[in-house]
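Engineer: Sharing a structure here in structure tokens format.
Nothing in this text is a laboratory measurement; each read-out follows from the coordinates by a stated rule. Just so we're clear, the structure is a prediction, and the values are computed from it rather than from any experiment. In this analysis, Cβ positions are derived from the backbone assuming ideal geometry, glycine residues included, and neighbour counts consider all displayed protein chains.
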Amino acid sequence: MVDVAAASEQAATVHPAERDEAGPIAEALARAFFDDPVFSWVLRDDPRRMRVLRSGFELFLLRVWLDEQETYTTAAAVGAAVWEPPGAWKVGVGEQLRLLPAIVGVFRRHTPRVLRALAKLEGDHPAEPKFPPHYYLPFLGVHPDWQGRGLGSALLAPVLARCDRERVPAFLEASTPRNRVLYERHGFEVIGEFALGRGAPPQWRMWRDPVVSDPSAAPAAPSPGPGTDPGAEA
């Protein structure tokens with residue numbers, strides 16, 4: 001476990017990730033999510049789980065997320081916040097087909113469960129017209145050696161600040177009660193609970209309305225009501 005001073009130095013270096021940082025970011029995210037209950041369910045009984053996670057994160061970083069220019073990391077790539085801008089969360093059929101061979105190459109026998117999980121997340125994602133356009137946080141992760149030192153909050157800060165400036169909501173799925181508490185501290189509220197499939201652990205859909213500094217100023221888009229459909233991470 002690193003000390004607070006070292007973590008503070010890293011927090012001060014948060015920046016938009018570049019393509020040459022994909023490998024180190026994938027390593028940090030794989031370690032962050034190695035014991036995550038949802039990934040443990042998806043990649044069950046696989047001694048290769050760390051390798052699969054690392055390769056899977058690197059695949060989506062290079063083929064999807066980094067091109068959207070909303071992934072943030074630190075100078076030493078000890079963690080990352082992977083955001084998608086409004087309207088970018090839905091992967092088109094053509095892009096899914098282009099990604100499929102690489103997904104099969106990484107996830108192998110787990111591919112059917114991975115594809116069902118992705119379809120479940122996308123199918124139940126808050127969408128217009130009921131919900132306004134929003135930033136989406138599919139993953140927030142910090143290397144275990146650096147956790148508990150405020151880096152998760154530092155990685156969230158740039159986009160949450162932009163959400164407030166632009167008066168745009170944000171959405172995510174929390175995969176553990178601990179993560180849910182972190183997001184609640186940053187203004188997210190639970191709008192529904194769900195599971196990816198039979199025997200899967202619970203997850204929580206969370207929504208955050210922008211914080212408007214001027215109380216007389218109305219938000220640009222209406223706040224959605226609580227979700228009623230009971231069914232990653234951040």
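Engineer: Among the listed residues 166, 189, 122, identify the single one that is surrounded by fewer than 18 Cβ atoms within 10 Å (Cβ to Cβ), out of contact with any helix residue (DSSP H, G or I) (no Cβ under 8 Å at 6 or more places or on another chain) and closer than 24 Å to residue 91 by Cα. Outline the logic, then answer.
Structural biologist: Details: 166 fails: closer than 24 Å to residue 91 by Cα; 189 fails: closer than 24 Å to residue 91 by Cα.
Just one listed residue meets the conditions, 122.
Engineer: Taking the condition within 16 Å of the chain's Cα centre (by Cα) and either more than 25 Å from residue 194 (Cβ to Cβ) or not aromatic (Phe, Trp, Tyr) (or both), does residue 104 pass? Don't jump to the end; show me each part of the working.
Structural biologist: Details: within 16 Å of the chain's Cα centre (by Cα): no; either more than 25 Å from residue 194 (Cβ to Cβ) or not aromatic (Phe, Trp, Tyr) (or both): yes.
For residue 104, the condition - within 16 Å of the chain's Cα centre (by Cα) and either more than 25 Å from residue 194 (Cβ to Cβ) or not aromatic (Phe, Trp, Tyr) (or both) - is not met.
Engineer: Taking residue 163 as meeting all but one of (1) within 25 Å of residue 47 (Cβ to Cβ); (2) in contact with a Pro (Cβ under 6 Å, 6 or more places away or on another chain), write down the number of the exception.
Structural biologist: (1)
Engineer: What about residue 107, is it buried (at least 17 other Cβ atoms within 10 Å of the Cβ) and in a loop (DSSP other than H, G, I, E, B)? Don't jump to the end; show me each part of the working.
Structural biologist: Working: buried (at least 17 other Cβ atoms within 10 Å of the Cβ): yes; in a loop (DSSP other than H, G, I, E, B): no.
No, not satisfied.
Engineer: In segment 38-52, what residues are basic (Lys, Arg) and out of contact with any Leu (no Cβ under 7 Å at 6 or more places or on another chain)?
Structural biologist: Our first condition is that a residue be basic (Lys, Arg); within segment 38-52, this holds for 44, 48-49, 51.
Across segment 38-52, the qualifying residues are 44, 48, 51.
Engineer: Since residue 146 meets every condition but one in (1) within 23 Å of residue 60 (Cβ to Cβ); (2) surrounded by fewer than 15 Cβ atoms within 10 Å (Cβ to Cβ); (3) hydrophobic (A, V, I, L, M, F, W, C), which condition does it not meet?
Structural biologist: (2)
Engineer: Considering each residue of segment 66-93, count those that are within 14 Å of the chain's Cα centre (by Cα) and hydrophobic (A, V, I, L, M, F, W, C), and give that number.
Structural biologist: 7
Engineer: For segment 149-163: of the residues being closer than 26 Å to residue 130 by Cβ and within 15 Å of the chain's Cα centre (by Cα), which is surrounded by the fewest Cβ atoms within 10 Å (Cβ to Cβ)?
Structural biologist: Filtering segment 149-163 for residues that are closer than 26 Å to residue 130 by Cβ and within 15 Å of the chain's Cα centre (by Cα), the one surrounded by the fewest Cβ atoms within 10 Å (Cβ to Cβ) comes out as 159.
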